[in-house]
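Have a look at the structure below before the remarks.
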Amino acid sequence: MKSTSIVSLETLSCGAGWRNYYFVKLLTDEGVVGWSEFDEGFGSPGVGAVIEQLSPRVLGQSVMQHERIREDLFAATRPGAGGVVGQALGAIENALLDAKAKTLGLPCYELLGGKIRDRLPVYWSHFVTWRAGRIPHYQPEIKDQSGVRAIAQEAVERGFSAVKTNIWRYEQGGIVGWAPGFGNPFAPPLNVEKKILNGLREHLATIRDAAGPDLEILLDLNFNAKTEGYLKILRAIADQDLFWVEIDSRDPDALALIRARSPHPIASCETLIGVQQFLPFFRRQAIDVAIIDTPWNGVWQSMKIAAVADAHEVNVACHNFYGHLCTMMNAHFCAAVPNLRIMEVDIDRIALDSTLFTHQPAYKDGHLLMPERPGWGTEPIEEVIREHPPIKGHGLMGRSRTQT
């Protein structure tokens, strides 16, 4: 067998409009390059620094022993496990998987037990949200209710069967988002007022009216309420036809209560790391769908989480709102995992995405088509990374404290 010793491991980043993209590049002594993508803008500053601190423990080891390397890194970081440390381990694991698969000349899904499906059912995520909330990065911009109707019709015309939106309302001829859980607006009590409820109902009705009865609508409430507020929202939208309502809560008992009173399926857990953090939610029957962030956890570890979910009769989805490399990392997970519900994808992209990666995801009739290329099936182009230096005010942390 060829030598597979790791000779270097480094991080790279580039500016991507309103956020940065972050990558791990791993090199073996045979010239095989393993890539992964991670993130620092979704509340996780410092992941890259952790990766750089851990890199000396990785050098000299074989990419074929990714489980051993991961366990060694976990042992070295056990007192601070989870958080940015856990995300750093996931990023390193994913680069190891890419390098191992390329060394063997195989797609990564073959390392996960082989693919179960060639076409992955997807939903269009941040539907309305990117075009209305991240102007001017996504086109065409949405500035009012007519723009919402237009994108709903566009989704149907493009063959998508499911979309996920957030909390929006229409005021004075415009469109206003509501995300106090992320400080937009700054409202720590997270109280849900009647104008939010009425606005959300109108927003969901606008999408349904424009798209027709067959489009599945998913609603993401994020961290934007407490238990009382989530229950108020669920009562207000009880008559809506929704695929699921997504709620972020770190209290499994509270989420179990919400699920028991919800007329809609509940999806959650996208900010958890490791089987142990997921277990209380499974044991309390708190969720209908477990959302796993495979860049945070590592795809190999994510398969373990999915297996535990399956043992509790729970299906899984992936958390995916990063660059194209993350999409393909998630795609290999979704292709191989038995208990898949649906895959999250961002269809709206910035212009850079078409030139930064060697291959873009291919979609047809609301499905992502799995490639058979070795590794993850795409990788960033270093020359393009260098042409777009990272920005300082990026991601959630780049939002002004006065922004509403």
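The values are calculated or read from the model by the stated rules, or taken from the named source; none is laboratory data. No experiment lies behind these values; they were computed from the predicted model shown. We place every Cβ from the backbone using ideal geometry, glycine too, and count neighbours over all the protein chains shown.
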field: Filtered residue count, the stretch 28-39, keeping only those that are over 18 Å from residue 86 (Cα atoms) and touching a helix residue (DSSP H, G or I) at 6+ places or on another chain (Cβ under 8 Å)
entry: 5
query: Within the set of pairs 6 or more residues apart or between chains, which connect a residue that is farther than 24 Å from residue 289 by Cα inside the stretch 336-357 to a residue that is in a loop (DSSP other than H, G, I, E, B) and not aliphatic (A, V, I, L, M) with Cβ atoms less than 6 Å apart?
result: 348/138; 350/17; 350/137; 357/378
- prompt: Within the stretch 118-140, which residues are more than 19 Å from residue 243 (Cβ to Cβ) and part of a loop (DSSP other than H, G, I, E, B)?
  reply: 118, 134, 135, 136, 137, 138, 139, 140
message: Only one of 155, 210 is aliphatic (A, V, I, L, M) and over 26 Å from the mean Cα position of the chain (by Cα). Can you tell me which?
response: 210
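Of all residues being of a type in the set (Asp, Glu) and over 22 Å from residue 267 (Cβ atoms) in the stretch 319-372, which is surrounded by the most Cβ atoms within 10 Å (Cβ to Cβ)? Just the residue, please.
Of the residues in the stretch 319-372, the ones of a type in the set (Asp, Glu) are 344, 346, 348, 353, 365, 372.
Now restrict to residues that are over 22 Å from residue 267 (Cβ atoms): 353, 365, 372.
Working: 353: 18, 365: 11, 372: 11.
Taking the candidates together, the pick is 353.
Let me confirm something: among 8, 13, which residue is of a type in the set (Gly, Ala, Ser), without any contact (Cβ under 8 Å) to a residue 60 or more places away in the chain and either in the same structural domain as residue 354 (by TED's automatic domain parsing) or part of a strand (DSSP E or B) (or both)?
On the way: 13 fails: without any contact (Cβ under 8 Å) to a residue 60 or more places away in the chain.
Exactly one of 8, 13 is of a type in the set (Gly, Ala, Ser), without any contact (Cβ under 8 Å) to a residue 60 or more places away in the chain and either in the same structural domain as residue 354 (by TED's automatic domain parsing) or part of a strand (DSSP E or B) (or both), namely 8.
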query: Can you find even one residue in the stretch 41-56 that is at pLDDT 95 or above, closer than 17 Å to residue 326 by Cα, in a strand (DSSP E or B) and not assigned by TED's automatic domain parsing to the domain that holds residue 357?
result: no
task: For residues that are surrounded by fewer than 18 Cβ atoms within 10 Å (Cβ to Cβ) and either at positive phi or among the hydroxyl-bearing types (Ser, Thr, Tyr) (or both), scanning just the stretch 5-46, find the one that is nearest to the chain's Cα centre (by Cα).
output: 43
Some residue of the stretch 84-99 being outside the structural domain of residue 219 (by TED's automatic domain parsing), over 21 Å from the mean Cα position of the chain (by Cα), more than 23 Å from residue 307 (Cβ to Cβ) and at pLDDT 95 or above: yes
message: Going by what's in this entry, would residue 134 be described as in contact (Cβ under 8 Å) with a residue 12 or more places away in the chain and under 21 Å from the mean Cα position of the chain (by Cα)?
response: yes
message: Need the failing condition index for residue 162 against (1) farther than 15 Å from residue 124 by Cα; (2) under 24 Å from the mean Cα position of the chain (by Cα), just the number.
response: (1)
